[in-house]
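Okay, structure first, notes after.
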Amino acid sequence: MSINLQTPIDYLKGVGSSRADLLRKELGIHTYQDLINLFPNRYIDRTRYYKINELQPNNADVQIIGKITGFKEVAQKRGKRLVATFQDDTGTMELVWFRGQKWIRERLKGNTPYVVFGKASSFGGKFNIAHPDVELLEDHEKNLRSALQAIYPSTEKLANRGISNRVLSKIMQQLFIDSGGNFAETLPESLRSELKLISKSSALFNVHFPKSPELLSRAQFRLKFEELFYIQLQLIIKNLVHKSKIKGLPFNKVGNYFNTFFKEQLPFNLTGAQKRVLKEIRADLGSNAQMNRLLQGDVGSGKTIVGFMSMLMALDNGFQACLMAPTEILSVQHYNGLLDMCNKLSISISILTGSSKTSERRKIHEALENGELQILIGTHAILEDKVKFKNLGLAIIDEQHRFGVAQRSKLWKKGPPQSSNGGASIPPHILVMTATPIPRTLAMSVYGDLDISIIDELPPGRKSIKTVHRYDKNRLNVFRFIRDEISKDRQVYIVYPLIQESEKMDYKDLMDGYESISRDFPMPEYQISIVHGQMKPADKEFEMQRFIKGETQIMVATTVIEVGVNVPNASVMIIESAERFGLSQLHQLRGRVGRGAEQSYCILMTSHKLSTDSKTRLETMTKTNDGFEIAEVDLRLRGPGDIMGTQQSGVLNLKIADIIKDNDILQHARYHAKNILKIDPKLVQADHQVVLNTYKQLTKFKNIWNYIS
Ligand code: ADP
Ligand code: MG
């Protein structure tokens, strides 16, 4: 018997409309298909029964046979709780309900054998289970128990409304009864036999109702493989379609601008990594397809010059280029940094930000449209519809984690029209530069539509930054150290956290900090800059410039300083309340120093109270300067969901696989997906029909991540 898996969940026996509503809202289960894909979080042994005197404070879930010998109501702060005394031949314990008490009292009988199940905790020497699953022993014995019973994800609401794990399990059982346990195969026979994968039906059965630990693990493997396989297949297909369909602007030659710059003006020798990446970019730009490349490189690895030289390639082929940065400070810095080089090459360059004056804007708009302006630097002001290019050939996005996918696609539309009568535009080549290292495997899944280049080498002569952790009580020593460094003509950053939720408090911390620093470093001997998000852009810029020019020795700032700011003479980075920062942020901040030839330092200041995670973060920072290593730890601590840029990715919505733990399976899945597409790109072979059909089905019902438009 086969059933239609797209049937709404309401139709399943035992569900009904109110439960269906809950399942939809709480677990996103709309159809039979969704239910079958509700995979257990874990498994517990339901063949084992505990005696009350065997309970331990650290027991997870236990089941106990006994009788209720009495009820009492206990008043508490809000409302009351219902407590039942539960007894077996070894002792007594308590069952506790905070809700649904009336119902419980009416239903549960005294002196009748029950099986209770739940998490036992101990309180005042007595064990209790809050909101246990309670079943008549008589009923319990009729059901088959397994040593591996599935525990499904749940929510408080589901539990409150009576959809316990037992109910979920029953509903699941019903689905297997209705379907006869037959589910269409979704992987090709050849692949299954090669990898010794069990059938889909067997895998689904055993993941929900494992017959043995061995079958459970084979079931999990098969389902994880399948999930990752289809995600990879989709990414690879998108990438192939992209390359064959999305026409790129032809950059046929390397011309005068590039050559002159390379031969006469390059201020240093490029590192090997920079050269390699430039070659990769060059190859993309010279092909007929649109470039979509992610350039990863640790802070200070020299991405800007690579970006600039790519722009020169665009200009050499008669196109315009733009560079977009997430903050005004950064845009200005890029502009100032490139201005000199552009002047020497007689290239026209302008900057457009939120604070550009109307008259300036008008000039820029005009010069862009008539093609006089060759390079535009700016913030997301560049994305406004009013900003039209004559022939934008290359768009570079710096520090992309600040920009979303939507913004990227806006840039796409700024390309030159296909024909003079205004046909569809050809998207410019896109280069995304980021200093937030994403572990390669994750990047593969998150940015599957982007090709990836990595600068994994720092310019020569960089001394690695010395990082230490100091407690607040060491502040005097830290200040002494700052004085020493300033006396050697170095400059110092002191950064305070600014977390949205506690913004007011944070500004107070910042201002208090600023005052105390002003006292310890008095004028006129010391000059201090302060920069934070509540200042007007012009004031921020003014203070930044004072620091860049070396007029001030200390820069007190919030994290606005985080991204990309380049002051090579600054050699000390003090991070206040460092325990409140995430790893990638700490790493970014640290990257503000160590940009010159001098030894640089990063001092992480914290209070004494530190969580385990904070400790791990601080230890990681003091141990390594390697952005990729730090990213791996970050990934472990936070999971992929919180890593910058992955939020909108859907990697999070994996149903059974875990992008980190199942990395080996991911590699396999990717390899096989690639391989199948290589031998049979259109999936026409008989054995691959199942792949084609499953793929279509998945995209149709959006069961896999619907990637970037
Ligand atoms: P990031 O990758 O963080 O954007 P930048 O492009 O700002 O790094 O470069 C950091 C500093 O290193 C700049 O001062 C830049 O001029 C310098 N730099 C870049 N490449 C080299 C190189 N090959 N040799 C020496 N210095 C370099
Ligand atoms: Mg940069």
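Quick look at the values:
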| quantity | calculated |
| --- | --- |
| Radius 11 Å from Cβ of Val167, net charge of other residues (Lys, Arg +1; Asp, Glu -1) | +3 |
| Hydrodynamic radius by Kirkwood, which averages 1/r over all alpha carbon pairs of the range 485-564, in angstrom | 13.0 |
| Euclidean distance between Cα centres, the range 244-287 to the range 514-589, Å | 35 |
| Relative contact order computed over the chain (Cα-Cα under 8 Å; 6+ residues apart), in percent | 12 |
| When each of Lys386/Lys549; Lys253/Lys344; Lys279/Lys623 is checked by Cα-Cα distance, pairs over 23 Å | Lys386/Lys549; Lys279/Lys623 |
| DSSP-assigned coil residues among trypsin sites (Lys or Arg not before Pro) in the range 292-381, each with at most 11 further Cβ atoms within 10 Å | Lys357 |
| The range 47-144: Lys pairs at Cα distance under 20 angstrom, eight or more positions apart or on different chains | 16 |
| Cross-link table Lys157/Lys504; Lys263/Lys303; Lys363/Lys410; Lys196/Lys224, entries beyond 25 Å C-alpha to C-alpha | Lys157/Lys504 |
| Spatial separation of Cα centroids for the range 333-373 and the range 133-163, in angstrom | 67 |
| Proximal aspartates and glutamates to Lys609, defined as alpha-carbon separation beneath 17 angstrom and excluding residues fewer than eight positions away on the same chain | Asp472, Glu576, Glu579, Glu619 |
| Low-density loop positions, trypsin sites (Lys or Arg not before Pro), the range 472-540 - DSSP coil, at most 16 other Cβ in 10 Å | Lys488 |
| Heavy-atom accessible area ranking, 1.4 Å probe, most first, across Trp97, Trp412 | Trp412, Trp97 |
| For the range 426-431, Karplus couplings with θ = phi - 60° (6.51, -1.76, 1.60), whole Hz, Gly/Pro x | 8, x, x, 5, 10, 10 |
| Phi to ³J(HN,Hα) by Karplus 6.51 cos²θ - 1.76 cosθ + 1.60 over the range 318-324, Hz, x for Gly, Pro | x, 9, 8, 9, 9, 10, 10 |
| Residue-averaged [θ]222 nm for the chain, counting only DSSP H segments that reach four residues, each worth -39500 (n - 2.57) | -12000 deg cm²/dmol |
| Antiparallel content of DSSP bridges confined to the range 47-144, in %, to 5 | 90 |
| Prolate/oblate/rounded call for the range 47-144, Cα gyration tensor, a/c under 1.5 rounded | oblate |
| Residues whose placed amide H lies under 5 Å from that of Gly393, excluding near-sequence neighbours | Gln320, Ala321 |
| Within the range 53-90, trypsin sites (Lys or Arg not before Pro) in DSSP loop having at most 15 other beta-carbon neighbours inside 10 Å | Lys77, Arg78 |
| Computed over the range 47-144: relative contact order in percent, which uses C-alpha pairs under 8 Å that are six or more apart | 28 |
| Partner aspartates and glutamates for Lys463 [C-alpha distance under 12 Å; skip if fewer than 8 residues away on the same chain] | Glu598 |
| Rh (Kirkwood; distinct C-alpha pairs) - the chain, Å | 29.8 |
| Bridge type composition, the chain - antiparallel percent by DSSP, nearest 5 | 40 |
| For peptides 673-679, 388-394, sequence by mean Cβ density within 10 Å, most packed first | 388-394, 673-679 |
| Longest site-free stretch - the chain; sites: GluC sites (Glu not before Pro), DSSP loop, at most 14 other Cβ within 10 Å | 186-371 |
| Estimated vicinal HN-Hα couplings, Hz - the range 351-360 in sequence order (Karplus 6.51, -1.76, 1.60; Gly, Pro = x) | 10, 10, 9, x, 9, 5, 6, 4, 5, 4 |
| Convex hull volume per residue for the range 178-309, taking Cα atoms only, in Å³ | 191 |
| Tail beyond 23 Å, pair distance distribution of the range 466-624 (Cα, percent) | 32 |
| 16 Å Cα-Cα reach of Lys357 towards aspartates and glutamates, excluding residues that sit fewer than 8 places from it in its own chain | Glu328, Glu366, Glu384, Asp539, Glu541 |
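The values are calculated or read from the model by the stated rules, or taken from the named source; none is laboratory data. Just so you know, these numbers come straight off a predicted model, no measurement behind them. Cβ: placed from backbone, ideal geometry, glycine included. Neighbour counts: every protein chain shown. To get the accessible areas, we keep the full protein, side chains included, count just its heavy atoms, and leave off ligands, DNA and RNA. Shrake-Rupley method; radii C 1.70, N 1.55, O 1.52, S 1.80 Å.
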